[in-house]
Amino acid sequence: MNNNSITFKSKIKFVDLPAYRKMEKKNYIDFFHDKPNILKAKEFYTLNIRTCTGGGLVNPQVEAEGFHLWDDLVNNKKFPDIVNSLFRYVKNPERGLLIGSKDLEGNPYSISQFIRLKKVFLERVKNVSLFQKHRYENSESHYNYSVKDDTWTICSSYRRGENLRMQTVRCLKDLKECFETISIAKGDRLFIGKKEITSKDCPEIFAK
């Protein structure tokens, strides 16, 4: 039996901050121009996705790459080169994930960068899960991906107002509060903590 005859179901697990911090993580992806922001590895992670866009391309249990793209003029101008680099590392990805962006004054490229990447991903990748646009000014996401487990582990947090404390996504209600648009690709499995969220729980966020 070869990989083409196997149907993989990538896991997407949202965890709280203490659980994320306790994870043993390898291969950090930075988001500044003088450091690598696209990385192919068996495991990788990045922190503090706010107005930026992060995510990755995956051939489950075979290969994967992750990225964290700063939403600035430089990356806006070199967008075609970024796309070429992404699909050079993992040429024929089966699955993908995008997370990030924010409607924030002073960050004019945030939403447009996410939308441009989303368009390319949906055209070139069969199954893409999306966590689009943090709803609040004070919000951020961190992720870790493991090829061995074919699992995205994500920690997302947000604060509704200046006088309220940051809270981490711990349930489905929090997840929907954190992001404006959520789409779980066909075949991907969503977990929040130890609980699996299925299409019966929230049919509108699962791709048909």
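Some observations on this one:
- In this label model, LYS77 and GLU105 are separated by 2.7 nm, measuring between points 7 Å along each Cα→Cβ vector.
- Cross-link partners of LYS102 among aspartates and glutamates (Cα-Cα below 18 Å; sequence separation of 8 or more within a chain): ASP71, ASP72, GLU137, GLU140, GLU162, ASP174, GLU177, GLU180
- Mean accessible surface per residue for the chain, computed with a 1.4 Å probe while every protein chain stays in place, in Å²: 52
- Based on Cα contacts under 8 Å between residues 6+ apart, the chain shows a relative contact order of 25 percent.
- Antiparallel DSSP beta bridges within the chain, percent to nearest 5: 70
- Carbon and sulfur %, accessible surface of the range 134-208 computed with the full protein complex present, 1.4 Å: 46
- Its residue count N sets the reference 2.2 N^0.38 Å, and the alpha-carbon radius of gyration of the chain equals 0.96 times that reference.
- Contact order, relative form, for the range 146-208: 23 percent (alpha carbon pairs under 8 Å, 6 or more residues apart, mean separation divided by residue count).
- Computed over the chain, the per-residue total of -39500 (n - 2.57) for DSSP H runs of n ≥ 4 gives a 222 nm mean residue ellipticity of -6000 deg cm²/dmol, rounded to 500.
- Counted charge near PRO203, where neighbours are those whose Cβ lies closer than 14 Å (Asp, Glu -1; Lys, Arg +1): +2
- Taking the protein heavy atoms of the range 1-97 in the context of the full set of protein chains, the accessible area attributed to carbon and sulfur is 49 percent at 1.4 Å.
- Assigned charges on the beta-carbon of Lys, Arg, Asp, Glu; the chain dipole about Cα centre (debye): 500
The values are calculated or read from the model by the stated rules, or taken from the named source; none is laboratory data. Note that the structure is predicted; figures quoted are calculated from it, not measured. Every residue, glycine as well, gets a Cβ built from its backbone with ideal geometry; the counts of neighbours run over all protein chains shown. Protein only, heavy atoms only, side chains kept; ligands, DNA and RNA dropped before computing areas. Shrake-Rupley method; radii C 1.70, N 1.55, O 1.52, S 1.80 Å.
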